[in-house]
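See below for the structure under consideration.
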Amino acid sequence: EGAAWALGGGQVRYSVPEEAKGGTVVGRLAQDLGLEAGEAEARRLRLVAQGRRASVEVSGASGALVVSSRLDREELCGKSAPCALRLEVLLERPLRVFHVEVEVTDINDNAPLFPAATKNLSIPELITMPGSRFPLEGASDADIGANAQLSYTLSPSEHFALDLQRSEEHLESLFLVLTKGLDRESLAEHRLVLTATDGGRPALTGTVELLVSVLDANDNAPQFNQSVYKVRLPEDSVEGTLVAHVGATDPDEGINHEFSFSVVSLVPAAKRDVFSIDPMSGEIRLRDTLDFEEVRFYELQIEAQDKGTPPLSGHCKVVLEVLDVNDNAPEVWVTSLSVPVPEDASVGTVVALLSVSDRDSGANGRVRCAVWPPAPFGLVATFAGSYSLVLREALDRERVSEYEVEVRAEDGGAPPLRASRGLRVPVSDVNDNAPAFAQAVYTVLARENNAAGAELARLWARDPDEAGNGRVSYSVAEGGAGAGSGSGAGWRPASSYVSVDAESGRLWALRPLDYEELQVLQFEVRAVDAGEPPLCGNATVQLFVVDENDNAPALLPPASASASAPGSLWAWAAWGAPAGQVVAKIRAVDADSGYNAWLRYELWEPRGKGPFRVGLYSGEVSTARALEEADGPRQRLLIVVRDHGEPSRSATATLSVSLVEGAEAALSAAAAAAGGGAAATNVWLVVAICAVSSLLFLLAVVLYGASRWAPRAAVLAGPGPATLVCASEVGSWSYSQRQSRSLCVADGAGKSDLMVFSPNCPPPPGLSSLRMKSIPIDVSCNYIFFLKEAHWPVWCSLNESARWSLCIWDHWQGFAGFRSVIAGKGV
């Protein structure tokens, strides 16, 4: 089992020997990270691969780091020491990253190895002096440390010994040293065994057989100008670059003076093909490229061998140091990406984990990272070469639904090299937008008597969220119509009149609408999305019912309803009455509104030049000429009342006018006034006509003076059709579909509200403020005033000459009082 070296700063270090069996526990990772039992599996503790096989894995059940495949230190790291596997471990909920370093320790599993099993050497006899040195190529050991510390031994020989030299660059040079002169005639060939032993426990060995042939004669070997040549080349040197120019001399003459150069050994041996040497000139040139990140030092053993018999050779060493250049761009890897990112993610949320590396060294390998665009994401360095892409600003999916993020890396070389990695970061929706109607208030006009199921309007609310968060359903939230909305009593909810389609927002009528029952229906429509939690928006709908002419005029009963049959009226006229004398007034109302309720009166029978005529809009029946006895004792008049609707509707009234003497007419009128609960306007006109002129004049003067001093209301009106106006007790006004009129009660009127209805004629052309002294009105109109507090109907009628007016009101079916205004221009 491996051992944990340290735990701190977010990094855990373990060590494990190479060649450990599969399943060997390297370290109890979950425990060392402070996780509880079972938490490692619940939070998906796992390794993040970074390109090469890690040979270790995290056990899901125990959270231990175990060996998963063969660990060969030499395969993983070569001669590098220490050999460390740098791993990243992810832990979710919340997302955290830990850095784990596993050092693979070396074991002595590789024996020293020589380049060849046999090494042939040729040494001339006699002329080779004791102390002569012959370079040997040493053994190599793939292990490191003490396991690679080699010692050499030579099989016993009286002629040869070994000499091992170490240079400042920690490079070893092995020589075979001649300790005693050779005699070919005594022994022409020497067989020696060179053994290399490493420093492992137990030690391993490797051998090579040295076959030394003793040659004759050539007693001067070539000598190099330098024993060591040191060269420095940048790694971007091209093929053919001159590495070094070695030179040697040989004092012999003739063929023994001629020599050639060759490379007899190279460290590392695998790079033999990188260099070439001209055998004649001694120029060493590159045949392949150099790579500082792969090999930083080369050592070449150069031999100069003459052509004598036997040939003699001299040796030198060329040490090449490779200089780093900025030839490797940074590399950016995405080790983890958590997308999509919810738009309500908090600032600091980790979106991705990145690893950045550069194979160069020094400033060339120092990498700076940045993210583009700089908002809303940023980079946070978590460890050497590791970064977290975190959220810097709040997101809004409705503004930007997806980000294309580029992580840019730049090293410190000159010129710098750059690399980038693109990330696509989609933003997921959350329900953060309530549905919003295009209008806060919708005004809808609907004709009465519409068909049930008719579409009234289409409402639409926009929700910029997507999917269920943006799917809107509609419903009628609240609202309705009370007793004040129409003639019906009680309150009815809006859902009894209309319905809204939940998906399309279409507003439907559940039943036919009746203007006389309902003029205005105000309610709220609610739009609710399907998010969690759901959000809603409201809009107010004001449904105005447009009146249609569906009600015929209705005749009002006379003062004594029991005196005549429905539709039959009676009146008295005195023989000799002058033209223009009002004998009766036809009263009718229409439940409709506007022009549909504006009535006109026509004398249907008798046609032609009869003794009577009817006011077109007033309904007053007056004499067309002076009455004569020839007109008979009774006249039967057929009067048609029509409204102005399209098509118009009508009602018919029959008026019987009895022609009597003047005294009888006055008595009949008085009897009718005494017997009727609410005297009609025409009766009071008869009474006024029969009164004494002086008494009438005196009474008018008194009433005019009283009206000048008494507090009174000013009526505000504008031109238009017949109008019904209702004033609330607090002074605010509710307007129906009829043209609105404002009534202001004068000081002293208490809290009484006033209702004005003038269905028979247009309203006065213009009314002044509360302090107006008079109100111009149409002389052919009758106005009805209702004092709401007492519910007393007040009738006002004007004569055709517009010289005076008479107003009366009913109270408990008895006469209460009247007001008359002289001058005929105000009420």
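The values are calculated or read from the model by the stated rules, or taken from the named source; none is laboratory data. Model, not experiment: these values are computed from the prediction. Heads up, the Cβs are rebuilt from the backbone with ideal geometry, glycines too, and the neighbour counts pull from every protein chain shown. In case anyone asks, the SASA skips ligands and DNA or RNA and just uses the protein heavy atoms, side chains included. Shrake-Rupley method; radii C 1.70, N 1.55, O 1.52, S 1.80 Å.
Close amide H partners of Asp411, meaning residues 5 or more places away or on another chain with modelled amide H under 5 Å apart, are Arg368, Leu417.
Would you work out what percent of the accessible area of segment 222-345, with all protein chains in place, is carbon or sulfur (probe 1.4 Å)? Of the solvent-accessible surface of segment 222-345, carbon and sulfur hold 49 percent.
Applied to segment 256-269, the Karplus parametrisation 6.51 cos²θ - 1.76 cosθ + 1.60 on θ = phi - 60° returns per-residue 3J(HN,Hα) values of 5, 8, 7, 8, 9, 9, 7, 8, 8, 7, 8, 10, x, 5 Hz, with x for Gly and Pro.
Which whole-number value in Å² is the accessible area per residue of segment 576-653, probe 1.4 Å?
Details: 3540 Å² over 78 residues.
Using a 1.4 Å probe on heavy atoms only, each residue of segment 576-653 averages 45 Å².
Centroid-to-centroid, using Cα positions, segment 571-605 and segment 181-212 are 152 Å apart. Residues whose amide H lies under 5 Å from that of Ser618, counting only those 5 or more places away or on a different chain, are absent; hydrogens are built 1.01 Å from N in the peptide plane.
Separation of segment 302-316 and segment 226-300, taken as the distance between their Cα centroids, equals 16 angstrom.
Given segment 278-411, report the % of alpha carbon pairs whose separation exceeds 28 Å.
Roughly 48 percent, once rounded to a whole number.
Charged side chains reduced to their Cβ positions (Lys and Arg at +1, Asp and Glu at -1) give segment 505-657 a dipole of some 780 debye around its Cα centre. The string of couplings for segment 645-654 from the Karplus curve (6.51, -1.76, 1.60, θ = phi - 60°) is x, 10, x, 6, 10, 9, 9, 10, 10, 10 Hz, one whole number per residue in order, with x for Gly and Pro. The P(r) of segment 210-289 has a tail past 18 Å containing 54 percent of all C-alpha pairs. Accessible surface of segment 568-649, 1.4 Å probe: 52 percent of it comes from carbon and sulfur atoms.
Residue by residue, segment 598-611 carries 3J(HN,Hα) couplings of 7, 9, 9, 10, 10, 7, 8, 9, x, 7, x, 9, x, x Hz when phi is fed to the Karplus relation 6.51 cos²θ - 1.76 cosθ + 1.60 (θ = phi - 60°); x denotes Gly or Pro.
Each of Asp163, Asp141 has its accessible area taken with a 1.4 Å probe; listed largest first, they run Asp163, Asp141. The protection proxy used here, the mean number of other Cβ atoms lying within 10 Å of each residue, ranks peptides 105-118, 611-624 as follows, highest first: 611-624, 105-118. Computed with a 1.4 Å probe over protein heavy atoms only, the accessible surface of segment 394-530 comes to 50 Å² per residue.
Amide hydrogen proximity for Ala588: with H placed 1.01 Å from N in the peptide plane, the residues at 5 or more positions away or on another chain lying under 5 Å are Leu556. Carbon-plus-sulfur fraction of the accessible area of segment 47-137, 1.4 Å probe, in percent? In segment 47-137, the share of accessible area belonging to carbon and sulfur is 53 percent.
Please compute the per residue accessible area over segment 305-378 with all protein chains in place, 1.4 Å probe, rounded to a whole number of Å². Accessible area per residue, segment 305-378: 42 Å².
Placing unit charges on the Cβ atoms only, positive for Lys and Arg and negative for Asp and Glu, gives segment 52-181 a dipole magnitude near 220 debye about its Cα centre.
Pairs of C-alpha atoms in segment 19-70 farther apart than 12 Å represent 61 percent of all such pairs.
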